[in-house]
Amino acid sequence: MPLYKNNIYSVTALILVWIILRETFSLSTVIIGAVLSVACVYFYHKYLPLKRVRNVKFLKLIFYVFYLIGQIYIAGFYVIKLIVLGAKADVIELKTKVTNESLKVLLADSITLTPGSILLDLKDENITLLCLKEKNDTRDLEAMDDFLKGRLENQLLKVQK
């Protein structure tokens, strides 16, 4: 990992966060923070290479995080309703319009983060999920597709260039 100016800023910021979280300023806190920060930056560059992420509007992606948090809460209340009224589990295969591989993975992870669904498989444009449904739910696959990934996918289509 070459030592770039951004890496120095990242390590410094992480050390400061470590000191704040530890609520103490001592030599051992700074040294441990430095070691952990360098390790974090190293593993970040090794396993999350941003150079491979292309055709993404990163500013809109930042807003997507806040949108996702809202969707997680909304889905949480829906799942509470399902649990109280009765639910059944079903395996559903959805198709996505997102073409960017990184954003497809983000979509699949976002669906999994929302309560009531678990990712089983992601292959090409197909996403296979195990999800909770109402016992009397008779919606067709297209309606379930829109319900489970519609809003999240639409937001990611805006992020995709």
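Tabulated results
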read-out	value
Residue within the stretch 107-127 that is closer than 30 Å to Ile15 by Cα and over 15 Å from the mean Cα position of the chain (by Cα) present	no
Residue match in the stretch 121-129 (condition: on the phi > 0 side of the Ramachandran plot and at pLDDT 80 or above)	yes
Within the stretch 116-130, tally of residues that are assigned to a strand (DSSP E or B) and not aliphatic (A, V, I, L, M)	5
The stretch 91-104, residues that are surrounded by 12 or more Cβ atoms within 10 Å (Cβ to Cβ), β-branched (Val, Ile, Thr) and either free of Cβ contacts under 8 Å to residues at least 12 places away in the same chain or not in a strand (DSSP E or B) (or both)	Thr96, Val98
Candidate set from the stretch 47-63 (those that are basic (Lys, Arg) and surrounded by 13 or more Cβ atoms within 10 Å (Cβ to Cβ)); member that is modelled with the highest pLDDT	Lys60
Conditions (1) modelled with pLDDT under 90; (2) in contact with a Ser or Thr (Cβ under 9 Å, 6 or more places away or on another chain); number of the one not met by Asn6	(2)
Residue match in the stretch 72-81 (condition: in contact with a Phe, Trp or Tyr (Cβ under 9 Å, 6 or more places away or on another chain), more than 18 Å from Gln160 (Cβ to Cβ), surrounded by 13 or more Cβ atoms within 10 Å (Cβ to Cβ) and assigned by TED's automatic domain parsing to the domain that holds Asn154)	no
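Each row is one residue, and each column tells you yes or no for (1) surrounded by 13 or more Cβ atoms within 10 Å (Cβ to Cβ); (2) at pLDDT 80 or above.
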site: Val65; (1), (2): no, yes
site: Gly70; (1), (2): no, yes
site: Gly86; (1), (2): no, yes
site: Ala89; (1), (2): no, yes
site: Leu106; (1), (2): yes, yes
site: Leu113; (1), (2): yes, yes
site: Lys135; (1), (2): no, no
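The values are calculated or read from the model by the stated rules, or taken from the named source; none is laboratory data. Note that this is a predicted model, so its numbers are computed, not measured. Glycine also receives a Cβ, built like all others from the backbone with ideal geometry; neighbour counts cover every protein chain displayed.
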